[in-house]
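What follows is one structure encoded as structure tokens, with my remarks underneath.
The values are calculated or read from the model by the stated rules, or taken from the named source; none is laboratory data. Note that the coordinates shown come from a computational prediction; the quantities given were computed from them, not determined experimentally. Reconstructed Cβ throughout: ideal geometry from the backbone, glycine too, with neighbour counts over all protein chains shown. Just so you know, the surface numbers come from the protein's heavy atoms only, side chains and all, with ligands and any DNA or RNA stripped out. Shrake-Rupley method; radii C 1.70, N 1.55, O 1.52, S 1.80 Å.
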Amino acid sequence: MKDLFGKAILDFQTNNSPEDLITETTISEEDEMSVAYLFRSYDEMPNLEKKALQLSKGKILDVGCGAGSHSLTLQNDRNLDVTSIDISPNAIQACTLRGLKKAKVQDVMTLENEKFDTILLLMNGAGMCGKLKNIPSFLLKLKSLLNPGGQILLDSSDIIYMFDDDDDEDGGKWIAPPVQPSASGPSNNDYYGEIVFNISYKDEKEKPFDWMFIDYNTLQNAAFANGLRCELIMEGEHYDYLAKLSI
């Protein structure tokens, strides 16, 4: 990996002629992503993220911290003990420059010998496991990092609306299209929330990588199957939600 996402973050932090990231996925066309958005203040954050930060307590692990904005809010505004991790060296360098005290390059799946009261997976952080088949090992790893009474706070979206725009008259749950191979929808072998991301920055292209949006019902089933309670905390305006997992 060229760490282009992290390079954009570090360029913005150091004022090194930052540019927008160009993103494209298997279900969306090429689009520009403002790096400045990753540096947003608490007041600029979506309500789901604000709620997650309000619920955060004790010793906190911010997984996939990116530019570190969530961690900074908890560290500076609430004086909480926050460990911020990301697999991007450039992003962690930017986090350190921004003043985060405990930021390190770390894959959560290889984190050992530490326990936390709150684990944050914001900006669809659960998607980092890539495929639905990886959810059990991912949840069990997070569970192993929790103190008794601890919590995992994560947000995601149900992207079935990308495939079928006919909901019922009562505004009920979206119905999945027929499960069959299709260039525009899910197939027998794929969960519809699985996508492939392509990122470009300053005329460089990152190697495509798997990502996943997990709907709440699927998350709830996976949580229960792996010994975790799952609670829907809040729903957003566009099929997004905040959930809490606990032992």
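Among the residues of this structure, Thr26 does not count as one that is under 26 Å from Thr73 (Cα atoms) and open to solvent by 30 Å² or more (accessible area, probe 1.4 Å).
Determine, yes or no, whether Glu44 is modelled with pLDDT under 95, open to solvent by 10 Å² or more (accessible area, probe 1.4 Å) and among the charged types (D, E, K, R). So Glu44 does not fit the description; no. The sole residue among Asp158, Asp117, Asp107 that is surrounded by fewer than 20 Cβ atoms within 10 Å (Cβ to Cβ) and in contact with a Lys or Arg (Cβ under 9 Å, 6 or more places away or on another chain) is Asp117. Screening Gly127 with (1) in contact with a Phe, Trp or Tyr (Cβ under 8 Å, 6 or more places away or on another chain); (2) within 28 Å of Ile195 (Cβ to Cβ); (3) at pLDDT 95 or above; (4) not aromatic (Phe, Trp, Tyr) gives one miss only, at (3).
Among the residues of the range 41-52, the ones that are more than 16 Å from the chain's Cα centre (by Cα) and touching a residue at least 12 places away in the same chain (Cβ under 8 Å) come to 2 in all. Restricting the search to strands (runs of 3 or more DSSP E) fully inside the range 1-97 and requiring at least 2 residues that are of a type in the set (Ser, Thr, Tyr) and within 19 Å of Gly150 (Cβ to Cβ) gives 81-86. Checking each residue in the range 62-98 for being in contact with a Lys or Arg (Cβ under 8 Å, 6 or more places away or on another chain) and polar (S, T, N, Q) picks out Ser69, Gln75, Thr83, Ser84, Asn90. Going through (1) more than 27 Å from Asn16 (Cβ to Cβ); (2) in contact (Cβ under 8 Å) with a residue 12 or more places away in the chain; (3) not charged (D, E, K, R) one by one, Gln75 falls short only on (1). Per the conditions (1) under 20 Å from Asp11 (Cβ atoms); (2) buried (at least 23 other Cβ atoms within 10 Å of the Cβ), the sole criterion not satisfied by Ile60 is (1). Among residues of the range 12-27 being under 23 Å from Pro208 (Cα atoms) and free of Cβ contacts under 8 Å to residues at least 40 places away in the same chain, the one that is nearest to the chain's Cα centre (by Cα) is Asp20. Listed conditions (1) in a helix (DSSP H, G or I); (2) open to solvent by less than 60 Å² (accessible area, probe 1.4 Å) are all met by Leu100, apart from (1). Filtered by the rule that a residue be open to solvent by 80 Å² or more (accessible area, probe 1.4 Å) and without any contact (Cβ under 8 Å) to a residue 24 or more places away in the chain, the range 206-247 gives Asn221, Phe224, Arg229, Glu231, Glu235, Glu237.
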